[in-house]
1. Touching a Ser or Thr at 6+ places or on another chain (Cβ under 7 Å) and of a type outside the set (Asp, Glu): does that describe Val114?
2. Within segment 60-70, can one find any residue that is in contact with a Ser or Thr (Cβ under 7 Å, 6 or more places away or on another chain), of a type in the set (Asp, Glu) and at negative phi?
3. Going through Ala174, Ala186 one at a time, which residue ends up being closer than 17 Å to Glu74 by Cα, out of contact with any helix residue (DSSP H, G or I) (no Cβ under 6 Å at 6 or more places or on another chain) and outside any loop (DSSP other than H, G, I, E, B)?
4. Which pairs have Cβ atoms under 7 Å, sit 6 or more apart or on different chains, and link a residue in segment 151-163 that is farther than 11 Å from Ala119 by Cβ to one that is part of a helix (DSSP H, G or I)?
5. Please work out which one of (1) assigned by TED's automatic domain parsing to the domain that holds Gly37; (2) on the phi > 0 side of the Ramachandran plot is the condition Glu56 fails and give its number.
6. Which residue is farthest from Lys168 (Cα to Cα), if the candidates are limited to segment 75-131 and must be assigned to a loop (DSSP other than H, G, I, E, B) and among the hydroxyl-bearing types (Ser, Thr, Tyr)?
7. Is it true that Phe70 is touching a Lys or Arg at 6+ places or on another chain (Cβ under 9 Å) and under 18 Å from Tyr173 (Cα atoms)?
8. Select, from Gly79, Gly111, Gly131, Gly89, the only residue that is in contact (Cβ under 8 Å) with a residue 24 or more places away in the chain, surrounded by fewer than 17 Cβ atoms within 10 Å (Cβ to Cβ), small (Gly, Ala, Ser) and on the phi > 0 side of the Ramachandran plot.
Amino acid sequence: MDGMGIIKGLGVTLKRFIDTYVDDIRWMGKRYYTKEGIARRMSAEARGIFTIQYPEEKLPVPEEFRFVPFLLYEEGPNGEQKERCTSCGICAKVCPPQCIWIVRTSDPNTGRPVPEPKAFFIDVDICMNCGFCAEYCPFDAIKMDHDYELSVYDRHAKNIYDKDKLMKPVSYYAGIRPTNYAREEAARAQAEAAKAAKKAQA
């Protein structure tokens with residue numbers, strides 16, 4: 001009632017203000033726009049202002065962070081691209097908001113399906129980033145991305161991703177999720193070895 005609460009609040013603000021400049025001097029200009037500076041402001045030892053100056057600075061995302069899905073392709077020695085997706089449609093079936101559309105490829109001579117998508121669309125404005133499509137894909141062809149900066153002026157023109165926009169190389173996936181990639185490759189190598197051993201015994 002006597003205004004002490006306001007004074008105490010202003011005291012906290014003044015302390016933060018002073019601590020900011022003290023920490024700035026201690027870090028000699030490296031407190032901002034460096035990985036070490038961002039890590040310092042994220043730690044419990046942070047003093048003064050510890051907000052991130054977005055968009056000039058960005059918080060590092062953890063490996064398991066997931067945003068919109070993307071499709072993987074294998075990179076050949078001569079630059080050729082081999083798509084992992086076989087257009088089986090499982091991802092579209094398990095998608096809760098039904099934001100995935102796939103057009104299957106058919107052989108023009110026989111009319112039989114070809115194991116690759118003719119077209120693949122994801123409406124990223126509808127996508128809820130649940131990761132079911134990546135989890136249920138039997139060919140490890142669809143993964144969750146780390147790119148969360150998707151602001152656009154026209155969502156109908158920009159936010160319905162087609163196959164060309166969704167396709168990314170396996171090396172990109174290995175870069176953003178190295179632990180998962182190493183585990184998957186080890187499991188794949190083990191399965192191939194078991195398959196080869198079974199074939200040799202037959």
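1. It is true that Val114 is touching a Ser or Thr at 6+ places or on another chain (Cβ under 7 Å) and of a type outside the set (Asp, Glu).
2. Initially, segment 60-70 is screened for residues in contact with a Ser or Thr (Cβ under 7 Å, 6 or more places away or on another chain), giving 63.
Next, only the ones that are of a type in the set (Asp, Glu) stay: 63.
If we keep only those that are at negative phi too, we end up with 63.
Yes; the residues of segment 60-70 include at least one that is in contact with a Ser or Thr (Cβ under 7 Å, 6 or more places away or on another chain), of a type in the set (Asp, Glu) and at negative phi.
3. On the way: Ala174 fails: out of contact with any helix residue (DSSP H, G or I) (no Cβ under 6 Å at 6 or more places or on another chain).
Of the residues listed, the single one that is closer than 17 Å to Glu74 by Cα, out of contact with any helix residue (DSSP H, G or I) (no Cβ under 6 Å at 6 or more places or on another chain) and outside any loop (DSSP other than H, G, I, E, B) is Ala186.
4. Short answer, once both residue conditions are applied: Val152/Lys158.
5. So the condition that Glu56 fails would be (2).
6. Thr110
7. When the stated conditions are applied, Phe70 passes them.
8. Step by step, each of Gly79, Gly111, Gly131, Gly89 is checked, and only Gly131 is in contact (Cβ under 8 Å) with a residue 24 or more places away in the chain, surrounded by fewer than 17 Cβ atoms within 10 Å (Cβ to Cβ), small (Gly, Ala, Ser) and on the phi > 0 side of the Ramachandran plot.
The values are calculated or read from the model by the stated rules, or taken from the named source; none is laboratory data. Everything numeric here is computed off the predicted structure, so don't read it as measured data. Reconstructed Cβ throughout: ideal geometry from the backbone, glycine too, with neighbour counts over all protein chains shown.
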